[in-house]
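Trainee: Below is a structure I'd like to ask you about.
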Amino acid sequence: MDQSYLHLLGCVSAQGEKLHLHYFFTTPLTSQGLHHYSVSSLKMWSYDLARLQADTNIIGTLNDYGSREDLEGVLGAPVFDPNTGKLESAEAISISYFLKDNSTVVSGNTVDPVNEGWEEQVFLKTVQDGNKFPSLDLAYLSSRSFGDEFGSEITGDLVFVNVSYLVAFIFLGATLGSKLCGRGSRWAISLSALVLIVLATVAGFGVASLAGLLYGPVHSILPFVLLGIGVDDAFVIANAFDREREGVPRESEDDESLAKRGARSLARAGASITVTSLTDLVAFAISSSSALPALASFCAFASINIFFLWVLATTFFTSTMVLDEKRQRANRRDMLCCITRKTMSDEEDTGAKEGRIPMYFRKYHAPNILCRQGKTLTLLCFTALFGFGLFGLVKLPVEDSARNFIPQDSYINTYSEMADKYFPSSGVSLYITFENGSSIYNNRDELAELNTLVAGLSETTPYI
């Protein structure tokens, strides 16, 4: 047996001495080509619906299941007679199926299409059909549940990737150029910046996959990370191009002068984007040594993608900046460079002008924070912020619950809530891992009787 399992909780009701079970009948998994081991109180009736219906003393039958601890493991909120210790009632029943390992390794990843397919198409499809069990309140979980729910939620967030790229395109077009429309606009360069990010993402994912790195649902958020880094690189390079042309009209630049300006711009901007990219790359590369496979793979993917962002920013994007400068010098339209515009008298180019954002920082932001009142206010604000940060750090809870990664309306949360209510944890869980899983599975019946075989041996020598 491996990690493939099926767990089902069903609410039941009790009245007096008779336990009324709202049950359902499950066909043996072996009849469907699957081998399994089950843990459930239904074994007392050999999983036979007719025998269960014919039993007139269900409580008495359940008391023969095993010890009190055994009953607490398969019955939710059980009530025992304080004098005799016999079961009197319960509110829920638990059924667990452990499937035989049919996994194989494909491209470095362990997959089990047989068990996963059965879980999805038979088990989950059956229990999610509420019409089949109108009187039963079911809570269920399978080994593929977390992957399905977590993956579907992140995949559903991919629509925000498209929205974020659209917003980034509009923002870049509105701020990179000196005008929104007309001479000085840079909508083509904005599109080029997004193409840069897409190319880096495709190249990085391709190289990482070629290296056999694990790809998981969390990797879907990488485009957001790369979008922020790529847009920042585009702004730095475009700003350097503008500053190198201050006071120089475009018409006075020939191709050689434009190439030299590109070299000076890249010399100015290259150091900045290299330092920031190298810092991000090293941080993710160090994190890729994490013992958590998903986190390690995500960080490795990120570091590879950041490298390609840097390479393409210093080559592809810089080249498109030079081409766009030639386009503007030739007075061709933005995004439609095959069409030449008519030169207007009020559009004569006298050199690069200060942008709106630099003007804001020069005229308003810097003077206000550098005056006496501004310095005092800034110091007070950041002192208060630092104090609140320290207070929050001390109160920061450390939680590793997998529920935080699951949507609120997921059936996994329903299962977890019912498990907490009817099967609260007690004691310490013990897990035993065997190297030869197939041999253990073949002896599963003997393993199930292990408690009986070692009963009382703890008081003898040698004891287990």
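Trainee: Condition first: open to solvent by 10 Å² or more (accessible area, probe 1.4 Å) and among the hydroxyl-bearing types (S, T, Y). Now tell me which residues in the stretch 256-296 satisfy that.
Mentor: If the condition is that a residue be open to solvent by 10 Å² or more (accessible area, probe 1.4 Å) and among the hydroxyl-bearing types (S, T, Y), then S257, S272, T274, T276, T279, S287, S288, S289, S290 are the ones that fit.
Trainee: Something else about it: Pick from the stretch 202-221 the residues that are part of a helix (DSSP H, G or I), in contact (Cβ under 8 Å) with a residue 12 or more places away in the chain and open to solvent by 20 Å² or more (accessible area, probe 1.4 Å): which of them is nearest to F298 (Cα to Cα)?
Mentor: V218
Trainee: Looking for whichever is modelled with pLDDT under 80, in contact with a Ser or Thr (Cβ under 9 Å, 6 or more places away or on another chain), more than 30 Å from F235 (Cβ to Cβ) and not acidic (D, E) here; the options are P407, P424. Which one fits?
Mentor: On inspection, the qualifying residue turns out to be P407.
Trainee: Ok, one more. Can you tell me how many residues within the stretch 329-363 are of a type in the set (G, A, S), within 22 Å of N239 (Cα to Cα) and modelled with pLDDT under 70?
Mentor: Counting residues in the stretch 329-363 that are of a type in the set (G, A, S), within 22 Å of N239 (Cα to Cα) and modelled with pLDDT under 70 gives 3.
Trainee: Name the residues in the stretch 95-136 that are among the polar types (S, T, N, Q) and more than 30 Å from the chain's Cα centre (by Cα), would you?
Mentor: Within the stretch 95-136, N131, S135 meet the criteria.
Trainee: Given G151, G173, which one is open to solvent by less than 70 Å² (accessible area, probe 1.4 Å), in a helix (DSSP H, G or I), under 30 Å from D242 (Cα atoms) and at pLDDT below 85?
Mentor: Within the list G151, G173, the selection yields G173.
The values are calculated or read from the model by the stated rules, or taken from the named source; none is laboratory data. This structure is a prediction, so every number in the text was calculated from the model and none was measured. Quick reminder, even Gly has a Cβ in these numbers, built from the backbone with ideal geometry, and neighbours come from all protein chains shown. Note: accessible area is taken over every heavy atom of the protein model, side chains too, but ligands, DNA and RNA are not part of it. Shrake-Rupley method; radii C 1.70, N 1.55, O 1.52, S 1.80 Å.
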